[in-house]
Structures are given as C-alpha cells and as structure tokens.
1. Pick out the one residue from Lys8, Lys65, Lys14 that is open to solvent by 40 Å² or more (accessible area, probe 1.4 Å) and assigned to a strand (DSSP E or B).
2. Quick one: in the stretch 33-49, which of the residues that are under 16 Å from Ser17 (Cβ atoms) and in contact with a Ser or Thr (Cβ under 9 Å, 6 or more places away or on another chain) is most open to solvent (accessible area, probe 1.4 Å)?
3. Let me confirm something: among Leu52, Leu72, which residue is in contact with a helix residue (DSSP H, G or I) (Cβ under 7 Å, 6 or more places away or on another chain), surrounded by 15 or more Cβ atoms within 10 Å (Cβ to Cβ) and modelled with pLDDT of 95 or more?
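The values are calculated or read from the model by the stated rules, or taken from the named source; none is laboratory data. What you see is a predicted model; the values in this text were computed from it and never measured. Cβ placement follows ideal geometry from the backbone for every residue including glycine, while neighbour counts extend to all protein chains displayed. We work out accessible area using only protein heavy atoms, side chains counted, and drop any ligands, DNA or RNA first. Shrake-Rupley method; radii C 1.70, N 1.55, O 1.52, S 1.80 Å.
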Amino acid sequence: MTTLSELKTGEKAKIVSVFLPPQTTERLRILGMSRGKEIVLLKRTFFSRTYLVSTSDGRVGLRKKTAEKIVLEGLNEN
C-alpha cells in the first residue's frame, strides 16, 4: 500500500481508500476517483506540489496534501 503522493510518473494503481472530508471525497468520486477505481499518475509539477492523474472519466489535478490522503494498491503489468 502506498499513497498517491508516492506514486511515480506513469505508474498505474487502484484506489483502496480516501481519507478526506466527505465533500472532497464526493467531488473526487464525481471526477472518477473513488474506491476500486484505477488511476495513472501522468505528471508531477513544481517540486511535487501538484499531481495530474488520469482516471476513467478524464484528468484530475490534485494538491500534495490531498494526494497524501489517497491510499493506493499498485497494479502489476502482466
């Protein structure tokens, strides 16, 4: 298990849990970032202060404080 802030550019992972306030969690769910969903880290910007993530519904930009509270499970490419 790791957090989104520890993911490397280009890595895929599955969201295990989100430890954020309910309003933020709901907003992320609408954007395609909820428990069980697969994501890909596209880019880290400006000293890893922000992250660009690809979801099944599009792309989402997150701040580091938010990314640190999203727990992921790495996916093995077969």
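1. Numbers: Lys8 fails: assigned to a strand (DSSP E or B); Lys65 fails: assigned to a strand (DSSP E or B).
Within the list Lys8, Lys65, Lys14, the selection yields Lys14.
2. From the stretch 33-49, those under 16 Å from Ser17 (Cβ atoms) are 33-39; that's our starting set.
Still in the list and also in contact with a Ser or Thr (Cβ under 9 Å, 6 or more places away or on another chain): 33-35, 37-39.
Values: Met33: 4, Ser34: 26, Arg35: 192, Lys37: 78, Glu38: 107, Ile39: 2 Å².
Result: Arg35.
3. Details: Leu52 fails: in contact with a helix residue (DSSP H, G or I) (Cβ under 7 Å, 6 or more places away or on another chain).
Matching residue, one of Leu52, Leu72: Leu72.
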